[in-house]
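What follows is one structure encoded as structure tokens, with my remarks underneath.
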Amino acid sequence: MAGPQQPELPLGPLDDPGPNPAAVSDAGGDALEGTLERVVYSNADTRWTVARMSVNGQKGLCTIVGNLVDLTPGTALRLRGEWVTDSRYGEQFKVRTYVTLTPSTLEGIERYLGSGLVSGIGPALAARIVARFGNATLEVIEQHPDRLAEVPGIGKSRADKLHQAWTDQRAVADVMLFLQGLGVSSAFAARIYKRYGDRAIEIVRDDPYRLALEVWGVGFKTADAIAERLGVARDSPRRAQAGVLHLLHTLSEDGHTFVLADELVRQAIEVLAIDTLIVEDAVRALVADKYAIADELPGRGRAIYTPELHDAETQAAAHLARLATSPAPPLGFDPDGALLRFEESTGMQLAPGQRDAVRAAIAHKLVVITGGPGVGKTTVVRAVLDVLERAGRLVALAAPTGRAAKRMAEATGHPALTLHRMLEWQPGTTTFKRGPDSPLPCDALIVDEASMLDIHMAHRVASALRSRARLILVGDIDQLPAVGPGSVLADVIDSRQAAVARLTEIFRQAAASQIITNAHRINQGELPDQQGTDYFFISRDDPEAALATLQEVVCERIPKRFGLDPVDDVQVLAPMHRGVVGAANLNEVLQRTLNPTGASLTRGSRTFRTGDKVMQVKNDYDKDVFNGDIGRIIAVGDGDQAEVLVEFDGRRVSYPPEELDQLVLAYAVTVHKSQGSEYPAVVIPLMTQHYMMLQRSLLYTAITRGKRLVVVIGQPRALAMAVRTQDARTRMSALGLRLTRAAEHAQGP
């Protein structure tokens, strides 16, 4: 008797790992049928797989690649796709769609069952089971498991366990078939199953829009397409509410902490293509059910927040107001005398503006020290640190990124930590140890690169300070705002509740640098001087020509003329990811030029090689590495479970294949990713194709990342566009307003 035939359902298009799923369709292309022999590599998250397969009617094995979900050796497959030739690995069959087939031969059934697919059944036991039941083996396991006891060595208890293991693996297959039948790519189906397990079908049927909020990479459009296939009407309240929530989260990713209600309704109508009344009802329902918060802001109107952002903004304002409205504990001695001792011990002469900044930091508990490059912010920090420590105060130094913290420590001779490490992240509770119930033990906290603070981190920092502590924020207000939501530094300044010291005098040594003088010219809306000793502009009108010149400058001209290492000392900063001179393409080109050979591991379309410069792109508290940290790959292992070993500032961190999505090549990074870092040399491609990102703050930030050398390559017109374009996209944030109101309330009538 033949075993039950598994439905030959298409399991969806198989893309390279990426964010865009595609609908199930007849893929066309070449067809291939055979048996999976072995899996060479498979990513646990994306299921990107490299495997070897025997093809019916052909000798030898062929290589197949694609998102193949939980397949094991012995699985019979029917594939559609196309043959491609990889420059390194030769001919491969790139799979777009596939179906699994029930093995039709005794040998196939035995290999299928003994491949490890079912926990508890190995090759030897599989051989005994097939010897007893023949072609009916799979039917017996699924429908008559008690008969397994007929096999020597299998009792009733073991038969029950084998049946349960078979049922469990079939449940995975059922979930995958269900999801891919809804048009979900196999890569996303794997993520959805990993998130929800056996409840995936139930959850997706009940509320497909949860995917957009809870599964990384699955956006609203994907969830909306799934909902449509499940019969959810386009004008249903559920779809309207999900669309509004999607917009709230999208706007927070753009840096806003809230959106005005009228604007939210307008955008939702445009995105969802439904009537105004349905959207307005959706907003009201979300507010009533606490999925969104409505708050009337004086002079601004009705603001809609996510609950998390509303809590962060209100709590940050309350804690900052507590600092701003209470007197600083006296030091017990004359601060001017302490400043004189600092000058005598260091041989430095403070300028009047620097002296005023130090006095502000001593006299107040909420202080901002701001200014551009070369105005002496670091000297002020050293002086404040010296005065407070002479008074017996415990001072902590921190910065948002590891590189900024390291630079701060080197400049002051005082230990400095990242804010994440200082606040002591607790992986078990997914929160920070330090907070109102366990405050930081310091009497003063100095935070450098404070322009990078988003509202979430501002809330955590402010809530972790004792009532008598000082908070001193040091940063350049003219740099790009934080990647996360909010405009904390600007809002604190605008609130007029902090003591603000603006440093404007460029010191003689700094004034000799064209990097610094040009940064100030750009900040004032003036074109930079084009040539000098440490700043150069190379005109190229064509992106391909700019790419060729950039490659030559980074790999040959800078190392030869300035003696700088092209990997360790030179950093390419691109305005965008996309394009010929975008970060993605630049990384491929520079990797081929600077590090073409060596042990490597390919993940989808990306190859990581020993010696590569890489960047961490998400916070990993367990590994103690954070978004923006740059390291070098020092080893790549062999085999299916090869790990990549990366060194970050002398510390080695291991990445198994399934965690490689945390890393990207970093020969070139975006300007946003460079915030908080400095490099000996910076090379900046600047083309009009980057027009969406060409703004003054971006160019200013990029140029101020270079310490010894800055080279801009591109079109004069693009440079002029960036200089004259101020960022018109004002962030919607109410921290300044809330801080003012909280301070006024604390001070009373």
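Figures for the structure shown
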quantity	calculated
Of all residues making up segment 367-421, the number that are touching a Ser or Thr at 6+ places or on another chain (Cβ under 9 Å), of a type in the set (Gly, Ala, Ser) and within 12 Å of residue 447 (Cα to Cα)	4
Qualifying residue in segment 210-229 (condition: modelled with pLDDT under 95 and over 29 Å from the mean Cα position of the chain (by Cα))	yes
Every residue from segment 227-260 that is part of a helix (DSSP H, G or I), open to solvent by 60 Å² or more (accessible area, probe 1.4 Å) and of a type in the set (D, E, K, R)	228, 229, 238, 253
Any hit, segment 174-187, residues being at pLDDT below 75 and exposed (fewer than 15 other Cβ atoms within 10 Å of the Cβ)	yes
Residues of segment 436-452 satisfying the condition of being open to solvent by 10 Å² or more (accessible area, probe 1.4 Å) and either of a type in the set (Asp, Glu) or within 27 Å of residue 258 (Cβ to Cβ) (or both)	436, 437, 443, 448, 449, 451, 452
Tabulated pairs, segment 75-94, first more than 30 Å from residue 114 (Cα to Cα), second buried (at least 20 other Cβ atoms within 10 Å of the Cβ), C-beta under 6 angstrom, 6+ apart or interchain	83/93
Residue that is assigned to a helix (DSSP H, G or I), at pLDDT 95 or above and either more than 18 Å from residue 242 (Cβ to Cβ) or open to solvent by 50 Å² or more (accessible area, probe 1.4 Å) (or both), where the choices are 302, 266	266
Residue 149 being open to solvent by 60 Å² or more (accessible area, probe 1.4 Å), modelled with pLDDT of 80 or more and part of a helix (DSSP H, G or I)	no
Flag if residue 411 is in contact with a helix residue (DSSP H, G or I) (Cβ under 7 Å, 6 or more places away or on another chain), at pLDDT 95 or above and within 25 Å of residue 379 (Cα to Cα)	no
Tally, over segment 70-100, of residues that are open to solvent by less than 10 Å² (accessible area, probe 1.4 Å) and either outside any strand (DSSP E or B) or more than 24 Å from residue 193 (Cα to Cα) (or both)	4
Residue in segment 672-683 that is touching a His at 6+ places or on another chain (Cβ under 7 Å), within 30 Å of residue 319 (Cβ to Cβ) and either among the acidic types (Asp, Glu) or outside any helix (DSSP H, G or I) (or both) present	no
Extreme residue, most open to solvent (accessible area, probe 1.4 Å), among residues of segment 660-712 that are more than 24 Å from residue 418 (Cβ to Cβ), among the hydrophobic types (A, V, I, L, M, F, W, C) and at pLDDT below 90	692
Candidate set: segment 614-643, residues that are over 26 Å from residue 577 (Cα atoms) and small (Gly, Ala, Ser); chosen: the one least open to solvent (accessible area, probe 1.4 Å)	642
Of the criteria (1) of a type in the set (Asp, Glu); (2) farther than 23 Å from residue 675 by Cβ; (3) crowded, with 19+ Cβ neighbours inside 10 Å, which one residue 476 fails	(2)
Among residues of segment 553-578, those that are surrounded by 15 or more Cβ atoms within 10 Å (Cβ to Cβ) and within 26 Å of the chain's Cα centre (by Cα), counted	11
Near pairs, Cβ below 6 angstrom, 6+ apart or cross-chain, from segment 317-333 (touching a residue at least 24 places away in the same chain (Cβ under 8 Å)) to any residue that is open to solvent by less than 70 Å² (accessible area, probe 1.4 Å) and of a type in the set (Phe, Trp, Tyr)	none
Output for segment 156-173, where each listed residue is of a type in the set (D, E, K, R) and modelled with pLDDT under 75	168, 170
Leading residue by the ranking (nearest to residue 551 (Cα to Cα)) among those in segment 656-671 that are assigned to a strand (DSSP E or B) and touching a helix residue (DSSP H, G or I) at 6+ places or on another chain (Cβ under 7 Å)	668
Conditions (1) in contact with a Gly (Cβ under 6 Å, 6 or more places away or on another chain); (2) over 24 Å from residue 489 (Cβ atoms); (3) open to solvent by 20 Å² or more (accessible area, probe 1.4 Å); (4) at pLDDT 90 or above; number of the one not met by residue 721	(1)
Failed item in (1) touching a strand residue (DSSP E or B) at 6+ places or on another chain (Cβ under 6 Å); (2) open to solvent by 30 Å² or more (accessible area, probe 1.4 Å), with residue 550 passing the rest	(2)
Only one of 581, 589 that is in contact with a strand residue (DSSP E or B) (Cβ under 6 Å, 6 or more places away or on another chain) and crowded, with 17+ Cβ neighbours inside 10 Å	581
Residues of segment 394-425 satisfying the condition of being surrounded by fewer than 18 Cβ atoms within 10 Å (Cβ to Cβ) and touching a Cys at 6+ places or on another chain (Cβ under 8 Å)	394
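The values are calculated or read from the model by the stated rules, or taken from the named source; none is laboratory data. Note that the structure is a prediction, hence the values are computed from the model and not measured. Positions of Cβ are generated from backbone atoms using ideal geometry, with glycine treated the same way; all protein chains shown enter the neighbour counts. Heads up: the accessible areas ignore ligands, DNA and RNA and are worked out on the full protein's heavy atoms, side chains in. Shrake-Rupley method; radii C 1.70, N 1.55, O 1.52, S 1.80 Å.
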